[in-house]
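> Can you keep this structure in mind? I'll have questions shortly.
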Amino acid sequence: ANSLALVKHSMLLWSVDVGKGHGHRLLTLSTDGGHSFGPARAETQLYDYPSTEGSMIRLGDCLFVTNLGEDKANRRDNDPCETPPAPSPCAFRHNLTLHSSCDEAKTWQSHGALWAGPPAYSSLSSLPWRSDAVGVLFECGPMLATDTLAPYRQLSFVEAPVGSTRIKNDE
């Protein structure tokens, strides 16, 4: 009952855990094309605190996700905008990270941070010209000269290498 085995017309929902403060995404599976969903479970292997919009895509046998990618206990120490112990306005959103799972979300492999500064929404896509990377479009922004954040100031696109995870574009 805990399996995410995919069948025809199945959908896997990757959602935020709004207001719970657990720092993880929720996964739930529908096997009837989205008419109903099974029980949600927290994906405790992937951190996402505070929750922000991430993306999930299936390419071949693998799932790829973007998230904030870091344990909330480490967030303040790894803040790119301010040296601890000073509080920082971007302490809660940085390190947009790519992960993959090729075993139906049982385990996850990190492909590293895509953007260290403040990210916002992201969207994943396949790349027909590359079988060793995924495309990631995301909102981001630098620290401005006035020391203010501009997290939604620009859109960026990267071709994110996935290392030994080869993508089978057989859709």
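The values are calculated or read from the model by the stated rules, or taken from the named source; none is laboratory data. Keep in mind that what you see is a predicted model, and the values were worked out from it rather than measured. Neighbour counts are summed over all protein chains in view; Cβ atoms, including those assigned to glycine, are modelled from backbone coordinates with ideal geometry. For the accessible areas, the whole protein counts, side chains as well, though only heavy atoms, and no ligand, DNA or RNA atoms are used. Shrake-Rupley method; radii C 1.70, N 1.55, O 1.52, S 1.80 Å.
> Can you give me the number of residues within the stretch 16-36 that are modelled with pLDDT of 80 or more, surrounded by fewer than 15 Cβ atoms within 10 Å (Cβ to Cβ) and on the phi < 0 side of the Ramachandran plot?
Selection size over the stretch 16-36: 3.
> From the list T107, T97, pick out the single residue that is at pLDDT 70 or above, among the polar types (S, T, N, Q), under 21 Å from W14 (Cβ atoms) and not in a strand (DSSP E or B).
T107
> Modelled with pLDDT of 75 or more and closer than 26 Å to L27 by Cβ: is that true of D170 in this structure?
No, not satisfied.
> Look at the stretch 112-131 and say how many of its residues are in a loop (DSSP other than H, G, I, E, B), open to solvent by less than 50 Å² (accessible area, probe 1.4 Å) and modelled with pLDDT under 90.
Residues that pass the stated criteria total 3.
> So T66 ticks every box in (1) modelled with pLDDT of 85 or more; (2) exposed (fewer than 15 other Cβ atoms within 10 Å of the Cβ) but one. Which box is left unticked?
(2)
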